[in-house]
Amino acid sequence: MPVLGSPVKRGINVKSRIFIMGSGVVGAATGEGFLKAGHDVTFVDINEVRVRELRDRGWDARTGIDLADEPESLIFLTLPTPNDGHRYDLSAFTAGTAAVGRAIANASAKHIVVVRSTVPPGTTEGLVKDTLEEASGKVANEGFGLASNPEFLRAASAAEDFANPWMTIIASRDPQNVERLRALLSPFGGELRTFTNPAEAEFIKAAHNIYNATKISFWNEMWLVAQKIGLDLDPIAATVARSAEGSINPEYGIRGGAPYGGVCLPKDTQGFLGFAGTVGVDMPLLSAVVEVNDRLAAIVDHEIEKVAHADASELRGQSGAAPVTERESA
(Lines give C-alpha, C1' and ligand atoms only; values in the text may rest on other atoms or scores of the structure.)
Protein backbone atom coordinates (compact mmCIF):
# COMPACT_ATOMS: atom_id res chain seq x y z
CA MET A 1 0.00 0.00 0.00
CA PRO A 2 1.25 3.50 -0.77
CA VAL A 3 2.23 5.74 2.11
CA LEU A 4 0.99 9.27 1.71
CA GLY A 5 3.56 11.85 2.72
CA SER A 6 2.35 15.24 3.81
CA PRO A 7 3.88 18.32 2.21
CA VAL A 8 7.28 19.05 3.70
CA LYS A 9 9.13 22.26 4.32
CA ARG A 10 12.34 22.87 2.47
CA GLY A 11 15.43 22.05 4.45
CA ILE A 12 19.15 21.53 4.15
CA ASN A 13 20.03 18.17 2.64
CA VAL A 14 23.11 16.08 3.42
CA LYS A 15 25.51 16.29 0.48
CA SER A 16 25.17 13.27 -1.81
CA ARG A 17 27.26 11.85 -4.66
CA ILE A 18 25.04 11.66 -7.72
CA PHE A 19 25.48 10.42 -11.29
CA ILE A 20 23.06 11.38 -14.06
CA MET A 21 23.02 8.75 -16.83
CA GLY A 22 21.69 10.47 -19.94
CA SER A 23 21.88 14.23 -19.98
CA GLY A 24 19.08 15.43 -22.21
CA VAL A 25 16.24 17.68 -21.02
CA VAL A 26 15.29 15.48 -18.05
CA GLY A 27 18.84 14.58 -17.08
CA ALA A 28 20.11 18.15 -17.30
CA ALA A 29 17.19 19.52 -15.25
CA THR A 30 17.57 16.76 -12.65
CA GLY A 31 21.33 17.23 -12.32
CA GLU A 32 21.10 21.01 -12.26
CA GLY A 33 18.52 20.83 -9.48
CA PHE A 34 20.76 18.60 -7.39
CA LEU A 35 23.76 20.85 -8.05
CA LYS A 36 21.87 23.91 -6.84
CA ALA A 37 20.90 21.95 -3.72
CA GLY A 38 24.59 21.46 -2.95
CA HIS A 39 25.14 17.90 -4.13
CA ASP A 40 28.17 16.52 -5.98
CA VAL A 41 26.87 15.72 -9.47
CA THR A 42 28.45 14.09 -12.52
CA PHE A 43 26.64 14.04 -15.86
CA VAL A 44 27.22 11.07 -18.18
CA ASP A 45 26.29 11.01 -21.85
CA ILE A 46 27.70 9.18 -24.89
CA ASN A 47 27.13 12.27 -27.05
CA GLU A 48 30.45 14.11 -27.01
CA VAL A 49 28.88 17.35 -28.24
CA ARG A 50 26.42 17.25 -25.36
CA VAL A 51 29.23 16.56 -22.89
CA ARG A 52 31.15 19.61 -24.15
CA GLU A 53 28.04 21.76 -23.78
CA LEU A 54 27.63 20.66 -20.18
CA ARG A 55 31.30 21.27 -19.45
CA ASP A 56 30.95 24.78 -20.92
CA ARG A 57 28.39 25.42 -18.17
CA GLY A 58 31.03 24.50 -15.63
CA TRP A 59 29.55 21.10 -14.85
CA ASP A 60 31.37 17.79 -14.45
CA ALA A 61 30.38 15.84 -17.57
CA ARG A 62 31.85 12.61 -18.92
CA THR A 63 31.25 10.12 -21.73
CA GLY A 64 31.41 7.12 -19.39
CA ILE A 65 30.81 6.13 -15.77
CA ASP A 66 33.55 4.78 -13.48
CA LEU A 67 32.65 3.78 -9.93
CA ALA A 68 35.92 2.11 -8.93
CA ASP A 69 36.98 4.81 -6.46
CA GLU A 70 33.59 6.39 -5.82
CA PRO A 71 31.83 6.48 -2.42
CA GLU A 72 28.22 5.37 -2.11
CA SER A 73 26.22 7.22 -4.75
CA LEU A 74 22.82 7.51 -6.39
CA ILE A 75 22.79 6.78 -10.12
CA PHE A 76 19.75 8.26 -11.88
CA LEU A 77 18.80 6.66 -15.21
CA THR A 78 17.43 9.53 -17.30
CA LEU A 79 18.03 7.77 -20.60
CA PRO A 80 15.81 8.21 -23.68
CA THR A 81 12.84 5.84 -24.13
CA PRO A 82 11.12 7.09 -27.31
CA ASN A 83 8.21 5.26 -28.86
CA ASP A 84 8.64 3.16 -31.99
CA GLY A 85 5.11 2.86 -33.23
CA HIS A 86 3.02 1.28 -30.46
CA ARG A 87 5.94 0.32 -28.24
CA TYR A 88 8.76 1.90 -26.26
CA ASP A 89 12.21 1.78 -27.86
CA LEU A 90 14.40 0.73 -24.92
CA SER A 91 17.60 0.13 -26.89
CA ALA A 92 19.45 3.25 -25.65
CA PHE A 93 18.01 2.78 -22.18
CA THR A 94 19.23 -0.82 -22.06
CA ALA A 95 22.71 0.11 -23.30
CA GLY A 96 23.03 2.81 -20.65
CA THR A 97 21.82 0.45 -17.94
CA ALA A 98 24.37 -2.18 -18.99
CA ALA A 99 27.14 0.45 -18.75
CA VAL A 100 26.06 1.16 -15.18
CA GLY A 101 26.11 -2.55 -14.41
CA ARG A 102 29.68 -2.88 -15.67
CA ALA A 103 30.70 0.07 -13.52
CA ILE A 104 29.03 -1.50 -10.47
CA ALA A 105 31.07 -4.67 -11.08
CA ASN A 106 34.22 -2.69 -10.27
CA ALA A 107 32.73 -0.74 -7.37
CA SER A 108 33.61 -1.40 -3.76
CA ALA A 109 30.80 0.78 -2.38
CA LYS A 110 27.09 0.01 -2.63
CA HIS A 111 25.34 2.31 -5.09
CA ILE A 112 21.62 2.88 -5.62
CA VAL A 113 20.34 2.81 -9.21
CA VAL A 114 17.22 4.94 -9.63
CA VAL A 115 15.03 4.60 -12.73
CA ARG A 116 13.78 8.07 -13.61
CA SER A 117 13.05 7.53 -17.30
CA THR A 118 9.50 6.78 -18.40
CA VAL A 119 9.35 3.01 -18.93
CA PRO A 120 6.67 0.29 -19.20
CA PRO A 121 5.42 -1.04 -15.85
CA GLY A 122 7.67 -3.86 -14.68
CA THR A 123 10.85 -2.52 -16.30
CA THR A 124 12.72 -1.69 -13.09
CA GLU A 125 12.36 -5.19 -11.66
CA GLY A 126 12.56 -6.80 -15.08
CA LEU A 127 14.89 -5.40 -17.71
CA VAL A 128 16.84 -3.08 -15.39
CA LYS A 129 17.34 -5.60 -12.60
CA ASP A 130 18.31 -8.39 -15.00
CA THR A 131 20.68 -6.19 -16.99
CA LEU A 132 22.41 -4.80 -13.90
CA GLU A 133 22.78 -8.21 -12.28
CA GLU A 134 24.15 -9.79 -15.45
CA ALA A 135 26.62 -6.97 -16.11
CA SER A 136 27.76 -6.55 -12.49
CA GLY A 137 27.65 -10.09 -11.17
CA LYS A 138 25.89 -8.70 -8.08
CA VAL A 139 22.37 -9.11 -6.71
CA ALA A 140 19.87 -6.28 -6.61
CA ASN A 141 19.25 -4.75 -3.17
CA GLU A 142 22.30 -6.64 -1.87
CA GLY A 143 25.24 -5.63 -4.05
CA PHE A 144 23.44 -2.51 -5.27
CA GLY A 145 20.18 -0.71 -4.53
CA LEU A 146 17.31 -0.46 -7.00
CA ALA A 147 14.46 2.06 -7.00
CA SER A 148 12.04 3.98 -9.18
CA ASN A 149 11.53 7.75 -9.11
CA PRO A 150 9.62 8.79 -12.24
CA GLU A 151 9.97 12.36 -13.44
CA PHE A 152 7.06 14.78 -13.92
CA LEU A 153 8.89 17.48 -15.85
CA ARG A 154 7.49 19.55 -18.70
CA ALA A 155 9.99 20.17 -21.49
CA ALA A 156 9.39 23.93 -21.51
CA SER A 157 9.92 24.31 -17.75
CA ALA A 158 11.91 21.24 -16.71
CA ALA A 159 14.36 22.99 -14.37
CA GLU A 160 11.58 24.93 -12.61
CA ASP A 161 9.44 21.79 -12.31
CA PHE A 162 12.30 19.87 -10.71
CA ALA A 163 13.01 22.67 -8.24
CA ASN A 164 9.31 23.00 -7.34
CA PRO A 165 7.66 19.57 -7.68
CA TRP A 166 3.95 19.19 -7.02
CA MET A 167 4.31 15.41 -6.66
CA THR A 168 7.24 13.08 -5.97
CA ILE A 169 6.94 9.30 -6.30
CA ILE A 170 9.47 6.85 -4.82
CA ALA A 171 9.27 3.06 -5.02
CA SER A 172 11.60 0.26 -3.92
CA ARG A 173 11.42 -3.16 -2.33
CA ASP A 174 14.15 -2.06 0.10
CA PRO A 175 12.90 0.43 2.72
CA GLN A 176 16.43 1.80 3.09
CA ASN A 177 16.40 2.87 -0.57
CA VAL A 178 13.07 4.61 -0.03
CA GLU A 179 14.32 6.48 3.01
CA ARG A 180 17.55 7.45 1.24
CA LEU A 181 15.58 8.96 -1.63
CA ARG A 182 13.07 10.56 0.71
CA ALA A 183 15.92 12.36 2.49
CA LEU A 184 17.33 13.49 -0.85
CA LEU A 185 14.07 14.66 -2.46
CA SER A 186 11.80 15.86 0.35
CA PRO A 187 13.68 19.17 0.84
CA PHE A 188 12.45 20.26 -2.61
CA GLY A 189 8.90 20.32 -1.24
CA GLY A 190 5.63 19.11 -2.67
CA GLU A 191 3.59 16.00 -1.91
CA LEU A 192 5.57 12.77 -1.62
CA ARG A 193 4.20 9.25 -1.93
CA THR A 194 6.09 6.00 -1.55
CA PHE A 195 5.41 2.48 -2.84
CA THR A 196 7.09 -0.88 -2.36
CA ASN A 197 6.53 -2.10 -5.93
CA PRO A 198 8.42 -0.12 -8.61
CA ALA A 199 5.83 -1.18 -11.20
CA GLU A 200 3.27 0.95 -9.37
CA ALA A 201 5.48 4.03 -9.78
CA GLU A 202 6.05 3.22 -13.45
CA PHE A 203 2.31 2.77 -13.98
CA ILE A 204 1.61 6.10 -12.29
CA LYS A 205 3.89 7.93 -14.72
CA ALA A 206 2.32 6.30 -17.76
CA ALA A 207 -1.24 6.88 -16.51
CA HIS A 208 -0.34 10.49 -15.65
CA ASN A 209 0.63 11.28 -19.24
CA ILE A 210 -2.12 9.20 -20.82
CA TYR A 211 -4.76 10.90 -18.69
CA ASN A 212 -3.54 14.31 -19.85
CA ALA A 213 -3.50 13.12 -23.47
CA THR A 214 -7.02 11.75 -23.13
CA LYS A 215 -8.39 14.99 -21.65
CA ILE A 216 -6.85 17.01 -24.49
CA SER A 217 -8.27 14.58 -27.03
CA PHE A 218 -11.73 14.76 -25.43
CA TRP A 219 -11.93 18.52 -25.78
CA ASN A 220 -10.52 18.41 -29.30
CA GLU A 221 -13.29 16.01 -30.23
CA MET A 222 -15.91 18.23 -28.59
CA TRP A 223 -14.39 21.23 -30.40
CA LEU A 224 -15.11 19.53 -33.74
CA VAL A 225 -18.79 19.21 -32.85
CA ALA A 226 -18.98 22.78 -31.52
CA GLN A 227 -17.39 24.12 -34.72
CA LYS A 228 -19.84 22.16 -36.83
CA ILE A 229 -22.90 23.67 -35.11
CA GLY A 230 -21.46 27.18 -34.75
CA LEU A 231 -20.63 27.32 -31.03
CA ASP A 232 -17.58 28.81 -29.31
CA LEU A 233 -16.15 25.97 -27.25
CA ASP A 234 -13.89 28.06 -24.98
CA PRO A 235 -16.55 29.38 -22.55
CA ILE A 236 -18.33 26.01 -22.67
CA ALA A 237 -15.17 24.08 -21.73
CA ALA A 238 -14.28 26.61 -19.04
CA THR A 239 -17.71 26.13 -17.48
CA VAL A 240 -17.68 22.33 -17.69
CA ALA A 241 -14.22 22.35 -16.07
CA ARG A 242 -15.94 23.88 -13.01
CA SER A 243 -19.24 21.98 -13.16
CA ALA A 244 -18.27 18.37 -13.92
CA GLU A 245 -17.49 16.37 -10.79
CA GLY A 246 -14.92 14.40 -12.77
CA SER A 247 -12.99 17.64 -13.21
CA ILE A 248 -13.22 19.12 -9.72
CA ASN A 249 -13.26 16.00 -7.51
CA PRO A 250 -9.95 14.05 -7.56
CA GLU A 251 -11.66 10.96 -6.15
CA TYR A 252 -14.41 10.82 -8.77
CA GLY A 253 -14.29 7.91 -11.19
CA ILE A 254 -10.90 6.53 -10.15
CA ARG A 255 -12.11 3.21 -8.71
CA GLY A 256 -11.59 0.86 -11.63
CA GLY A 257 -13.45 -2.39 -12.17
CA ALA A 258 -17.03 -1.19 -12.49
CA PRO A 259 -18.92 0.34 -15.42
CA TYR A 260 -20.59 3.72 -15.12
CA GLY A 261 -24.30 3.42 -14.45
CA GLY A 262 -27.30 5.43 -13.46
CA VAL A 263 -29.48 7.27 -15.95
CA CYS A 264 -27.45 10.23 -17.21
CA LEU A 265 -24.09 8.76 -18.19
CA PRO A 266 -25.28 5.89 -20.41
CA LYS A 267 -28.01 8.09 -21.92
CA ASP A 268 -25.84 11.09 -22.75
CA THR A 269 -22.78 9.24 -24.00
CA GLN A 270 -24.83 7.23 -26.45
CA GLY A 271 -27.29 10.00 -27.25
CA PHE A 272 -24.58 12.59 -28.00
CA LEU A 273 -22.71 10.05 -30.11
CA GLY A 274 -25.81 9.72 -32.26
CA PHE A 275 -26.29 13.49 -32.36
CA ALA A 276 -22.73 14.00 -33.59
CA GLY A 277 -23.44 11.55 -36.38
CA THR A 278 -26.41 13.62 -37.53
CA VAL A 279 -24.15 16.67 -38.00
CA GLY A 280 -21.48 14.65 -39.77
CA VAL A 281 -18.84 14.46 -37.00
CA ASP A 282 -17.13 11.18 -36.20
CA MET A 283 -16.27 10.81 -32.49
CA PRO A 284 -13.87 7.86 -32.09
CA LEU A 285 -12.99 8.74 -28.50
CA LEU A 286 -16.62 8.87 -27.37
CA SER A 287 -17.28 5.67 -29.31
CA ALA A 288 -14.44 4.05 -27.36
CA VAL A 289 -15.88 5.35 -24.07
CA VAL A 290 -19.19 3.61 -24.82
CA GLU A 291 -17.45 0.44 -26.02
CA VAL A 292 -15.18 0.19 -22.96
CA ASN A 293 -18.11 0.66 -20.59
CA ASP A 294 -20.28 -1.90 -22.41
CA ARG A 295 -17.40 -4.40 -22.40
CA LEU A 296 -16.75 -3.92 -18.68
CA ALA A 297 -20.46 -4.22 -17.91
CA ALA A 298 -20.49 -7.58 -19.70
CA ILE A 299 -17.42 -8.74 -17.75
CA VAL A 300 -18.94 -7.68 -14.42
CA ASP A 301 -22.24 -9.38 -15.24
CA HIS A 302 -20.36 -12.57 -16.14
CA GLU A 303 -18.40 -12.53 -12.89
CA ILE A 304 -21.57 -11.96 -10.86
CA GLU A 305 -23.22 -14.85 -12.66
CA LYS A 306 -20.21 -17.10 -11.89
CA VAL A 307 -20.31 -16.20 -8.21
CA ALA A 308 -24.05 -16.76 -8.02
CA HIS A 309 -23.68 -20.13 -9.75
CA ALA A 310 -20.87 -21.15 -7.38
CA ASP A 311 -22.92 -20.13 -4.34
CA ALA A 312 -25.89 -22.11 -5.59
CA SER A 313 -23.72 -25.19 -6.17
CA GLU A 314 -22.30 -24.92 -2.66
CA LEU A 315 -25.77 -24.69 -1.17
CA ARG A 316 -26.87 -27.80 -3.05
CA GLY A 317 -23.96 -29.68 -1.55
CA GLN A 318 -21.74 -32.23 -3.20
CA SER A 319 -24.60 -34.70 -3.52
CA GLY A 320 -26.58 -32.24 -5.60
CA ALA A 321 -29.55 -32.49 -3.23
CA ALA A 322 -31.42 -29.35 -2.26
CA PRO A 323 -30.28 -28.02 1.13
CA VAL A 324 -32.50 -28.43 4.16
CA THR A 325 -33.55 -25.06 5.51
CA GLU A 326 -33.80 -24.23 9.19
CA ARG A 327 -37.61 -24.04 8.93
CA GLU A 328 -37.74 -27.48 7.30
CA SER A 329 -35.59 -29.06 9.99
CA ALA A 330 -37.63 -27.61 12.85
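The values are calculated or read from the model by the stated rules, or taken from the named source; none is laboratory data. It should be emphasised that the depicted structure is a prediction, and the values quoted were computed from it without experimental measurement. Methodologically, a virtual Cβ is constructed for each residue, glycine included, from the backbone with ideal geometry; neighbour enumeration extends over all protein chains shown. Just the protein is used for accessible areas: all its heavy atoms, side chains included, with ligands, DNA and RNA removed. Shrake-Rupley method; radii C 1.70, N 1.55, O 1.52, S 1.80 Å.
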### Task
May I ask you to derive the FRET efficiency for SER91 and GLN270 from their Cβ-Cβ distance with R0 = 45 Å, giving the value to the nearest 0.05?
0.55
### Message
Filter LYS15/LYS215; LYS36/LYS138; LYS215/LYS267 down to the pairs with a C-alpha to C-alpha distance above 29 Å, please.
### Response
LYS15/LYS215; LYS36/LYS138
### Query
Exactly which GluC sites (Glu not before Pro) in the stretch 161-266 are in a DSSP loop and have at most 10 other Cβ atoms within 10 Å?
GLU251
### Query
ALA297 to ASN220: extension gain in nm, 0.36 nm per residue of separation minus the Cα-Cα distance?
25.0 nm
### Query
So, with a 1.4 angstrom probe, what is the percent of accessible area on the stretch 208-307 that is carbon and sulfur?
63 percent
### Query
Where in the stretch 39-134 are there GluC sites (Glu not before Pro) that are in a DSSP coil and have at most 16 other Cβ atoms within 10 angstrom of their Cβ?
GLU72
### Message
Rolling a 1.4 Å sphere over the protein heavy atoms, what is the accessible area per residue of the stretch 17-197, to the nearest Å²?
### Response
43 Å²
### Task
Grab the Cα-Cα distance for ALA213 and ASN164, subtract it from 0.36 nm times how many residues apart they are, and report the gain in nm with one decimal.
15.4 nm
#### Entry: Heavy-atom accessible area per residue - the stretch 208-307, 1.4 Å, Å²
71 Å²
### Message
For a Förster distance of 45 Å, can you work out the FRET efficiency between the beta-carbons of ASP232 and ASN106, rounded to the nearest 0.05?
### Response
0.10
#### Entry: Reach of LYS129 by Cα under 13 Å, taken over aspartates and glutamates that are not fewer than 8 positions away in the same chain
GLU142
### Query
What full-extension length gain, to one decimal in nm, is calculated for ASP130 and SER247 as 0.36 nm per residue of separation minus the Cα-Cα distance?
38.0 nm
